[in-house]
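A.B. asks: Mind looking over this structure? Questions follow.
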Amino acid sequence: MEKKFKPNIVGFLCNWCSYAGADLAGSSKTDVDSSLSVIRVMCSSRVNSNLVLSALLWGSDGVLVAGCHPGDCHYEKGNYYARRRFALLKKIAEVLNLEPDRIQLSWISASEGKRYAEVVNKFAEDISKLGPNPLTSNPKV
Amino acid sequence: MSNNQKETKNYPNKGKSLPVEKSIKDTVFNIFKKALEENIFDALLIPAKVPDTDAYSWILLQDESLFDIADPLPPVMTVQGGRALSSFSKNGELGLKIAALLRPCEARAVIELFKLHQVDLDNMTLITIDCPGAMPLADYMNDPKKIADSFKKISEKWEISESLRPACQNCHRFSLMDGTGPDLHIGLLGENNKVTLIANSPEGNDLLEKLGFESKDSLDKWKTEKEKLVKEKTKKRESFLKEWQEKTKNPDGFFNELNKCINCHNCMNACPICYCQQCYFDSQMINFKPEIYLKKSREKGALRFPLNTMLFHIGRMSHMVLSCVACGACEDACPVSIPVGRLFSMVGDKTQKQFDYVPGLNREDPLPLQIFKEDEFCEVETPNECEEKATEEVK
Ligand code: SF4
Ligand code: SF4
Ligand code: SF4
Ligand code: FES
């Protein structure tokens, strides 16, 4: 039987909400898919497009950006700006047909360990279905 | 969806028509000479042909004798006017009153640069002119005389010729638009042997008044002809957009175009919007340790050099495409003829629509990435919260 594809996913989690949510998921022993490599950032607005693009072009199969729910950002407005930038990047991926589904934006609070697990597991499942990122094996990239 | 746009101000419906006696150039220059003589402004930024050469550059003209070499509509766009203007006005107030004669795409770039704090507009009068387009720089360099001659014919007839730069063939914003763009516009279309001055701001009004002109001539003829051409060029633009969407239907379409890229970053250096002193993509931030590259080349079978070509282009896009004014300066500057301006312009079209933004149209419209609404873009959130919000509203 063919070996099941295990994706390589990068997750940028904001320090104050989503990272704490991930922590909670861990400490409460919730099952979280292990394909996600977590990078802690101070705020979702720290994630500029270069980080997401570098990840996608240099080998990851999916990128998750996660931050506090709108209204709850530790820096008040960071996630609103992050959402606009994300919407732009997603549109660029759409226009150039670069599989926009490989990037995802989610809101996860510090108390939402369960939601964290659900979001990550679902994203990992979706990316597994998409298969390996063709950009990383494309000799033209 | 968002809607940042404030109500757009319409351009006026009266202007000042002036008869053309010797030439259009002469008529336009007479206005500028008078303005300089009467100290309405102290200097004029205008394109000029460098004596004894085929080169065009910008001059900040204060000596009237230099009108001999100035040219309001040269056959080529060497340096984008927005770039020329910000190069001397970004480090503080100008002090002197300056007027700049720009093509409409250049003026739109100036307005984007104003929002990015790269120009001083307080002491600046922006003047635009109906633009017949420009010829590709490389073609002109090959045979300046021939290209200048054909440009003359094309521009006299306002022909959407295939010899023009692709950006110009597809340009539907070659004239004055409704909005708070330039202070003064010079209309060439419409009546033969007439030049029409259209004041588009209080500063523009003031300028005409000081020159002793009253804006009471009808703009109908200019408007009719302008709109006819706008319609024609909009159609052309739409078919260009369709064609390029088809070409980039799969990612290789985009990569194939860019695989010729030699990573010179000319496109970025020529782009008026790319103003950063140190570009991220020229920095060490995108370099890894050698072993990473060896590992990647092992994984892929081979690694392509130069590295990060796609990161540069898609990354640059994600930084500035909402402000792309489709001027084509990038494409003109590319040594290997990559249609980089068309690619950016195509992505610009879609993304600018997403944010209801027209770059360079209104000085007051904030840059889309510098504002937000609390309730917007739920469609990019996962889980998709749009439905939840809709049911909440019903409750
Ligand atoms: S892009 Fe439009 S405004 Fe700019 S030079 Fe070409 S025709 Fe003129
Ligand atoms: S990307 Fe090209 S077309 Fe767009 S503003 Fe820059 S130089 Fe002009
Ligand atoms: S100017 Fe052309 S070759 Fe140079 S970096 Fe831009 S696209 Fe590549
Ligand atoms: S701190 Fe969590 S999104 Fe800004």
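A.B. asks: Hey, among the residues in segment B:52-109 that are open to solvent by 10 Å² or more (accessible area, probe 1.4 Å) and among the aromatic types (F, W, Y), which one's modelled with the lowest pLDDT?
C.D. replies: Only one residue tops the list, namely B:F88.
A.B. asks: Let me ask something additional. Residues B:E93, B:E112, B:E159: which one is assigned by TED's automatic domain parsing to the domain that holds B:D42 and in a helix (DSSP H, G or I)?
C.D. replies: Exactly one residue qualifies, and that residue is B:E112.
A.B. asks: Filter segment B:333-388 down to residues that are within 16 Å of ligand 2 (Cβ to nearest atom), surrounded by 18 or more Cβ atoms within 10 Å (Cβ to Cβ) and not hydrophobic (A, V, I, L, M, F, W, C), then give me how many there are.
C.D. replies: Selection size over segment B:333-388: 12.
A.B. asks: Sticking with this one: So which residues in segment B:270-296 are part of a helix (DSSP H, G or I), out of contact with any helix residue (DSSP H, G or I) (no Cβ under 7 Å at 6 or more places or on another chain) and either at pLDDT 95 or above or farther than 17 Å from B:R316 by Cβ (or both)?
C.D. replies: Scanning segment B:270-296 gives B:Q284, B:P290, B:E291, B:I292, B:Y293, B:L294, B:K295, B:K296.
A.B. asks: Moving on to the next point. Does B:R103 satisfy being assigned by TED's automatic domain parsing to the domain that holds B:F29, charged (D, E, K, R), touching a strand residue (DSSP E or B) at 6+ places or on another chain (Cβ under 8 Å) and within 29 Å of B:V336 (Cβ to Cβ)?
C.D. replies: So B:R103 passes the test.
A.B. asks: So in segment B:261-286, with the set limited to residues that are within 11 Å of chain A (Cβ to nearest Cβ) and free of Cβ contacts under 8 Å to residues at least 12 places away in the same chain, which one is nearest to A:T136 (Cα to Cα)?
C.D. replies: Among those that are within 11 Å of chain A (Cβ to nearest Cβ) and free of Cβ contacts under 8 Å to residues at least 12 places away in the same chain, it is B:M285.
A.B. asks: Report, by residue number, each residue of segment A:83-121 that is under 16 Å from A:C43 (Cα atoms), more than 8 Å from chain B (Cβ to nearest Cβ) and surrounded by fewer than 24 Cβ atoms within 10 Å (Cβ to Cβ).
C.D. replies: Correct list: A:S109, A:A110.
A.B. asks: Yes or no: segment B:339-358 includes at least one residue that is more than 16 Å from ligand 3 (Cβ to nearest atom) and more than 11 Å from every other protein chain (Cβ to nearest Cβ).
C.D. replies: Yes, some residue in segment B:339-358 is more than 16 Å from ligand 3 (Cβ to nearest atom) and more than 11 Å from every other protein chain (Cβ to nearest Cβ).
A.B. asks: Now for a different question. When B:E209 is evaluated against the numbered criteria (1) in contact with a Lys or Arg (Cβ under 9 Å, 6 or more places away or on another chain); (2) in a helix (DSSP H, G or I), which criterion, by number, is the only one it fails?
C.D. replies: Here B:E209 meets the rest and fails (1).
Yes/no matrix, rows are residues, columns are (1) part of a loop (DSSP other than H, G, I, E, B); (2) within 28 Å of B:C276 (Cβ to Cβ); (3) not β-branched (V, I, T):
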site	(1), (2), (3)
B:K9	yes, no, yes
B:K16	no, no, yes
B:I31	no, no, no
B:I40	yes, no, no
B:A48	no, no, yes
B:T53	yes, no, no
B:T78	yes, yes, no
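A.B. asks: Further, regarding this structure: Can you tell me which residue within segment A:1-32, out of those that are under 17 Å from A:I103 (Cβ atoms) and away from ligand 4 (no atom under 16 Å from the Cβ), is most open to solvent (accessible area, probe 1.4 Å)?
C.D. replies: Here the answer is A:N8.
A.B. asks: So B:E392 clears everything in (1) modelled with pLDDT under 95; (2) under 26 Å from B:Q278 (Cβ atoms) except one condition, right? Which one?
C.D. replies: (2)
A.B. asks: In this structure, does A:V65 turn out to be away from ligand 3 (no atom under 16 Å from the Cβ), in a helix (DSSP H, G or I), at pLDDT 95 or above and open to solvent by less than 20 Å² (accessible area, probe 1.4 Å)?
C.D. replies: No: the conditions fail for A:V65.
A.B. asks: Another one. Report yes if some residue within segment B:213-234 is among the polar types (S, T, N, Q), assigned to a loop (DSSP other than H, G, I, E, B), touching a residue at least 24 places away in the same chain (Cβ under 8 Å) and surrounded by 22 or more Cβ atoms within 10 Å (Cβ to Cβ); otherwise report no.
C.D. replies: Among the residues of segment B:213-234, not one is among the polar types (S, T, N, Q), assigned to a loop (DSSP other than H, G, I, E, B), touching a residue at least 24 places away in the same chain (Cβ under 8 Å) and surrounded by 22 or more Cβ atoms within 10 Å (Cβ to Cβ), which makes the answer no.
A.B. asks: Additional query: (1) of a type outside the set (A, V, I, L, M); (2) over 25 Å from B:N362 (Cα atoms); (3) open to solvent by 50 Å² or more (accessible area, probe 1.4 Å); (4) within 16 Å of ligand 2 (Cβ to nearest atom): which one isn't true of B:E38, the others all being true?
C.D. replies: For B:E38, the exception is condition (4).
A.B. asks: Just one of the numbered conditions (1) open to solvent by 40 Å² or more (accessible area, probe 1.4 Å); (2) out of contact with any strand residue (DSSP E or B) (no Cβ under 8 Å at 6 or more places or on another chain); (3) within 12 Å of chain B (Cβ to nearest Cβ) is not true of A:P70; which one?
C.D. replies: With respect to (1) open to solvent by 40 Å² or more (accessible area, probe 1.4 Å); (2) out of contact with any strand residue (DSSP E or B) (no Cβ under 8 Å at 6 or more places or on another chain); (3) within 12 Å of chain B (Cβ to nearest Cβ), A:P70 is out only on (2).
A.B. asks: In addition: Given the residues B:P306, B:P290, which is the only one that is open to solvent by 10 Å² or more (accessible area, probe 1.4 Å), more than 10 Å from ligand 2 (Cβ to nearest atom) and in contact (Cβ under 8 Å) with a residue 24 or more places away in the chain?
C.D. replies: Going through B:P306, B:P290 in turn, the sole match is B:P306.
A.B. asks: Here's a follow-up. Anything in segment A:10-62 that is within 20 Å of B:I286 (Cα to Cα), more than 16 Å from ligand 2 (Cβ to nearest atom) and part of a helix (DSSP H, G or I)? List them, or say none.
C.D. replies: Matches in segment A:10-62: A:S45, A:R46, A:N50, A:L51, A:V52, A:L53, A:S54, A:A55, A:L56, A:L57.
A.B. asks: Further, regarding this structure: If the Cβ limit is 9 Å and pairs must be 6+ apart or interchain, which residue in segment B:128-149 that is in the same structural domain as B:L45 (by TED's automatic domain parsing) pairs with which residue that is within 16 Å of ligand 2 (Cβ to nearest atom) and in a strand (DSSP E or B)?
C.D. replies: Pairs that qualify, where the first residue is in the same structural domain as B:L45 (by TED's automatic domain parsing) and the partner is within 16 Å of ligand 2 (Cβ to nearest atom) and in a strand (DSSP E or B), are B:T128/B:L102; B:I129/B:L102.
A.B. asks: From B:L121, B:L189, which residue is in contact with an Asp or Glu (Cβ under 8 Å, 6 or more places away or on another chain) and not in a helix (DSSP H, G or I)?
C.D. replies: B:L189
A.B. asks: With the condition kept exactly as written, say whether any residue in segment B:236-244 is within 16 Å of ligand 1 (Cβ to nearest atom), more than 14 Å from chain A (Cβ to nearest Cβ) and either closer than 30 Å to B:P19 by Cα or open to solvent by 60 Å² or more (accessible area, probe 1.4 Å) (or both).
C.D. replies: Yes.
A.B. asks: Among what's in segment B:298-328 and is assigned to a helix (DSSP H, G or I) and basic (K, R), pick the residue that is farthest from the other protein chains (Cβ to nearest Cβ).
C.D. replies: Applying the filter and picking the extreme gives B:R298.
The values are calculated or read from the model by the stated rules, or taken from the named source; none is laboratory data. Just so it is clear, the structure is predicted and the values come from calculations on it, not from any experiment. For neighbour counting, all protein chains shown are included, and Cβ atoms are generated from backbone atoms with ideal geometry for every residue, glycine included. All accessible areas refer to the heavy atoms of the entire protein, side chains included, with ligands and DNA or RNA removed. Shrake-Rupley method; radii C 1.70, N 1.55, O 1.52, S 1.80 Å.
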